[in-house]
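Peer 1: Mind looking over this structure? Questions follow.
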Amino acid sequence: MLRVLTITLLATTNFAPDLPPMEEKVIQYFTQAAEIDWTKEEVVIAFTVGKWKVLAGSKHPFEEKRINELAVEEVKRSQNIASMNNHGLVTGGESYLVRTGEIDVPTLVIHGTEDPIIPYAHGVALAQRLVRLNCLLWKEQAMSFTKKTGFVS
């Protein structure tokens, strides 16, 4: 039964055990999240700016002033800012991770060559397992905001 016409996989993985782990700098940075006083806006804003600095690629300059403005907006609109990191705690669905080869619709894989969380090899591995593939690999891109896109790239 066909349920979708296409799929886009953006900076993602099927978590195959032979793939490289996230970079140590990311693990070290997010480890300190447990020590953050999430009730103090200025501390949370500084942590958020630091996060984007750790995740930035080399293609675009890091726009600290702009990132700070976005962090302020994020804190102000959030009802529970500490929950921004909780997606790493989600479990379940592991049985689906080995089924990548069953995807039989046109699939676009978009993955940055400098992604420190889900390394580039993960995007390549996904692409190799897909039946109907279109692939876009962003050179020198990680997970960063740019003035041009205004979005995570």
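Peer 1: Please list, in order along segment 117-131, the HN-Hα scalar couplings obtained from phi with the Karplus expression 6.51 cos²θ - 1.76 cosθ + 1.60 (θ = phi - 60°), rounded to whole Hz, x for Gly and Pro.
Peer 2: Couplings: 8, 10, x, 3, 4, 5, x, 5, 4, 4, 4, 6, 8, 8, 7 Hz.
Peer 1: Probe of 1.4 angstrom, ligands and nucleic acids ignored: what's the accessible area per residue over the chain, in square angstrom? The partial results should precede the final answer.
Peer 2: Values: 9940 Å² over 153 residues.
On a per-residue basis, the chain sits at 65 Å².
Peer 1: Decide, for the chain, between rounded, prolate and oblate: order the square roots of the alpha carbon gyration tensor eigenvalues as a ≥ b ≥ c, take rounded if a/c falls under 1.5, and otherwise choose prolate if a/b is larger than b/c, else oblate.
Peer 2: On the way: a/c = 1.99, a/b = 1.68, b/c = 1.18.
It is prolate, given that a/c is not under 1.5 and a/b is the larger ratio.
Peer 1: Using the Cα gyration tensor of segment 18-66, with a ≥ b ≥ c the square roots of its eigenvalues, what is the shape: rounded (a/c below 1.5), prolate (a/b larger than b/c) or oblate (neither)? Numbers along the way, then the final one.
Peer 2: Details: a/c = 4.15, a/b = 1.21, b/c = 3.42.
It is oblate, given that a/c is not under 1.5 and a/b is not larger than b/c.
Peer 1: Could you state the number of Å between the C-alpha centres of segment 81-122 and segment 1-70?
Peer 2: Comparing the Cα centres of segment 1-70 and segment 81-122, I get a distance of 13 Å.
Peer 1: Expressed as a whole percentage, what fraction of the accessible surface of the chain belongs to carbon and sulfur atoms when a 1.4 Å probe is rolled over the protein heavy atoms?
Peer 2: Numbers: 5560 of 9940 Å².
The value for the chain is 56 percent carbon and sulfur by accessible area.
Peer 1: If you place +1 on the Cβ of every Lys and Arg, -1 on the Cβ of every Asp and Glu, and leave all else neutral, what size is the dipole of the chain about its Cα centre, to the nearest 20 Debye?
Peer 2: Details: 16 positive and 18 negative charges, 103 e Å.
Here the size comes out at about 500 debye.
Peer 1: Packing-wise, with mean Cβ within 10 Å as the measure, how do 108-120, 43-55, 13-25, 78-90 rank, highest first?
Peer 2: Details: 108-120: 20.5, 43-55: 18.4, 13-25: 12.3, 78-90: 10.7.
Listed from highest to lowest mean packing, they are 108-120, 43-55, 13-25, 78-90.
Peer 1: Provide the FRET efficiency to the nearest 0.05 for the ILE27-LEU89 pair, computing r from the beta carbons and using R0 = 25 Å. Walk me through the numbers before you get to the answer.
Peer 2: Working: r = 15 Å, r/R0 = 0.59.
Efficiency computed from Cβ-Cβ geometry: 0.95.
The values are calculated or read from the model by the stated rules, or taken from the named source; none is laboratory data. Computed from a prediction, not measured in an experiment: that's the story for all the values here. Reconstructed Cβ throughout: ideal geometry from the backbone, glycine too, with neighbour counts over all protein chains shown. To get the accessible areas, we keep the full protein, side chains included, count just its heavy atoms, and leave off ligands, DNA and RNA. Shrake-Rupley method; radii C 1.70, N 1.55, O 1.52, S 1.80 Å.
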